Amino acid sequence: MSVHIQAKKGEIAEAVLMPGDPLRAKWIAETFFEDAFLYNSVRGMYGYTGTYKGKKVSVQASGMGIPSALIYCNELITDYGAKKLIRVGSAGSYQKNLKVNEVVIAMAASSNSGFNRAKFSHADFAPTADFELFMKAVKYAEENQIKFRAGNVFSSDVFYEDDPLEYEKWAKYGVLCVEMETAGLYTIAARHKVQALSVLTISDSLVTGEHLPAKDREQSFSRMVEIALATI
Ligand code: ADE
């Protein structure tokens with residue numbers, strides 16, 4: 001067992017899907033995996049392993065925000081030998097023409113998080129997706145007529161901003177949407193020479209204020225998980 005994961009050695013696959021929400025991890029295992037078993041429930045941060053189309057695969061909840069996500073990424077990589085980490089999560093749109101339900105494949109992640117500033121002595125590191133995983137995700141989405149956008153996303157440390165128009169400065173530079181983990185995931189993957197990708201579903205819009213109704217969530221999240229599973 002590692003500090004936050006109670007799995008035995010060998011119980012976690014090299015490819016791990018990472019939703020923020022533990023109940024989404026459970027739903028992914030029950031909906032997409034065969035022979036799934038629960039390997040972690042420490043702090044309610046569920047982790048399951050099963051198979052998908054005959055390949056061993058795991059899903060591990062990461063919690064919200066870079067500090068929580070990096071605890072799980074770190075332990076998956078250094079204690080359990082994970083080689084491919086694929087985030088599947090929700091995001092808020094920064095662009096008028098990027099609507100709820102649409103999928104975003106994150107090429108890179110900007111951030112207001114301080115975690116890289118100290119590490120790189122106030123110079124900028126550009127957290128970037130793994131090219132092979134990115135191309136596989138794009139190919140699957142194109143071949144299956146899944147509408148998606150690819151580009152820069154924003155990993156924020158703040159869900160509730162004082163200024164509701166704070167997002168506009170990032171939107172002007174083409175940043176597609178906001179979530180809270182990808183910049184950390186891409187940085188730790190680079191550090192440990194493993195592959196990482198974030199596939200996101202737009203659940204709300206900072207431009208229009210709309211939210212994805214709960215009844216539509218399952219279908220749009222399914223498309224995102226299918227894309228993620230196509231990369232393993
Ligand atoms: N994830 C989904 N919507 C979000 C938002 N508006 N801000 C940060 N993370 C999000």
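Checking Glu161, Glu226 one by one, the residue that is farther than 16 Å from Arg24 by Cα and either modelled with pLDDT of 95 or more or not in a helix (DSSP H, G or I) (or both) is Glu161 and no other. Report whether or not Glu34 is over 20 Å from Leu185 (Cβ atoms) and of a type in the set (Asp, Glu). Answer is yes for this residue. May I ask you to verify whether Arg149 is farther than 30 Å from Ser41 by Cα, at pLDDT below 95 and of a type outside the set (Asp, Glu)? Here the answer is no, as Arg149 does not meet what is asked. The C-beta contact set for region 204-220 (first residue of a type in the set (Asp, Glu), second residue within 11 Å of the ligand (Cβ to nearest atom), distance under 6 angstrom, 6+ apart or interchain) comprises Asp204/Gly92; Asp204/His211; Glu210/Val100.
Among residues of region 153-199 being among the polar types (S, T, N, Q) and away from the ligand (no atom under 13 Å from the Cβ), the one that is surrounded by the fewest Cβ atoms within 10 Å (Cβ to Cβ) is Gln195.
Residue-level analysis places Ile232 among those that are away from the ligand (no atom under 11 Å from the Cβ), among the aliphatic types (A, V, I, L, M) and either touching a residue at least 60 places away in the same chain (Cβ under 8 Å) or in a helix (DSSP H, G or I) (or both). Within region 49-69, being more than 16 Å from the ligand (Cβ to nearest atom) and among the hydrophobic types (A, V, I, L, M, F, W, C) holds for Val57, Val59.
Restricting attention to region 70-99, the residues being farther than 18 Å from Thr49 by Cβ and touching a strand residue (DSSP E or B) at 6+ places or on another chain (Cβ under 7 Å) number 8. For region 102-109, the count of residues that are acidic (Asp, Glu), more than 16 Å from the ligand (Cβ to nearest atom) and surrounded by 13 or more Cβ atoms within 10 Å (Cβ to Cβ) is zero.
Is at least one residue of region 31-42 charged (D, E, K, R) and out of contact with any Gly (no Cβ under 8 Å at 6 or more places or on another chain)? Looking through region 31-42, none of the residues is charged (D, E, K, R) and out of contact with any Gly (no Cβ under 8 Å at 6 or more places or on another chain).
Conditions tested, residue by residue: (1) in a helix (DSSP H, G or I); (2) within 16 Å of the ligand (Cβ to nearest atom); (3) under 17 Å from Gly20 (Cβ atoms).
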| position | (1), (2), (3) |
| --- | --- |
| Ile71 | yes, no, yes |
| Asn74 | yes, no, yes |
| Leu85 | no, no, yes |
| Lys96 | no, yes, no |
| Leu133 | yes, no, no |
| Tyr140 | yes, no, no |
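If you go through region 120-169 and keep only what is aliphatic (A, V, I, L, M) and out of contact with any helix residue (DSSP H, G or I) (no Cβ under 7 Å at 6 or more places or on another chain), you end up with Ala123, Ala126, Leu133, Met135, Val138, Val158, Leu165. Of everything in region 200-223 that is within 19 Å of Lys26 (Cβ to Cβ) and in a strand (DSSP E or B), the residue that is nearest to the ligand (Cβ to nearest atom) is Ser203. The criterion of being modelled with pLDDT under 95 and farther than 27 Å from Pro164 by Cα holds for Met1. Every listed requirement among (1) small (Gly, Ala, Ser); (2) within 16 Å of the ligand (Cβ to nearest atom); (3) not in a helix (DSSP H, G or I) is met by Ser121 save one, (2).
The values are calculated or read from the model by the stated rules, or taken from the named source; none is laboratory data. Computed from a prediction, not measured in an experiment: that's the story for all the values here. Cβ: placed from backbone, ideal geometry, glycine included. Neighbour counts: every protein chain shown.
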